[in-house]
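Report on the following structure.
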């Protein structure tokens, strides 16, 4: 299955959260989509709630199942809490950090900036959104692209941040990934333990 490109408000209503950023539709219609969305739904099983958390995380970070499962396998092979490591790996994606730095209004927009070669990592152009950024590395917009409309407008009207694990210099539009965030510092509500339990079945 490819990356989801359908109506984003529909997904946000399904989860009852602004999955892709601020969504005015949630204010008007907070119930799930569909003709029976406003009615009470039956109780969700443990498996259903675990699957729901995995789907939510995949939508938030814009990842396909194969990519997400690979992240889980890598996290499981490392020492420490598998769920926390999985979340930190998702947060370390280049497109996510471009979004967190406020250089793009959404993660899909950040992914497009990276794919179109507008982003540098330690001074070198990178066009792979899923690249894992390491603490201490610098992320910025190419010098010739720093006045792009999407970048300038997003910095003027930030939709998220600032974050303690990132530093940012607005004149050069360059940031530094200082450290991996603690799970409690990630603003999105993701139950990573449920995801681990689902994959462990």
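Miscellaneous remarks
- Qualifying residue in the range 67-86 (condition: within 24 Å of residue 167 (Cα to Cα) and touching a residue at least 12 places away in the same chain (Cβ under 8 Å)): yes
- Looking only at residues of the range 138-163 that are farther than 22 Å from residue 115 by Cα and exposed (fewer than 11 other Cβ atoms within 10 Å of the Cβ), we find that the one that is modelled with the lowest pLDDT is 157.
- Some residue of the range 33-45 being surrounded by 14 or more Cβ atoms within 10 Å (Cβ to Cβ), modelled with pLDDT under 90 and in contact with a helix residue (DSSP H, G or I) (Cβ under 8 Å, 6 or more places away or on another chain): yes
- Unique residue being at pLDDT below 95 and surrounded by fewer than 20 Cβ atoms within 10 Å (Cβ to Cβ) when the list is 171, 135: 171
- Test: residue 129 is buried (at least 18 other Cβ atoms within 10 Å of the Cβ) and under 17 Å from residue 57 (Cα atoms): yes
- For the range 71-94, the criterion of being surrounded by fewer than 22 Cβ atoms within 10 Å (Cβ to Cβ), assigned to a loop (DSSP other than H, G, I, E, B), in the same structural domain as residue 132 (by TED's automatic domain parsing) and in contact with a helix residue (DSSP H, G or I) (Cβ under 7 Å, 6 or more places away or on another chain) is met by no residue.
- Of all residues in the range 143-201, those satisfying the criterion of being in a helix (DSSP H, G or I), farther than 15 Å from residue 105 by Cβ and free of Cβ contacts under 8 Å to residues at least 24 places away in the same chain are 143, 144, 184, 185.
Quick grid of which residues meet (1) assigned by TED's automatic domain parsing to the domain that holds residue 99; (2) over 21 Å from residue 61 (Cα atoms); (3) touching a helix residue (DSSP H, G or I) at 6+ places or on another chain (Cβ under 7 Å):
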residue	(1), (2), (3)
135	yes, no, no
149	yes, yes, no
158	yes, no, no
193	no, no, yes
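The values are calculated or read from the model by the stated rules, or taken from the named source; none is laboratory data. Note that the structure is predicted; figures quoted are calculated from it, not measured. Neighbour counts run over all protein chains shown; Cβ positions are idealised from the backbone, glycine included.
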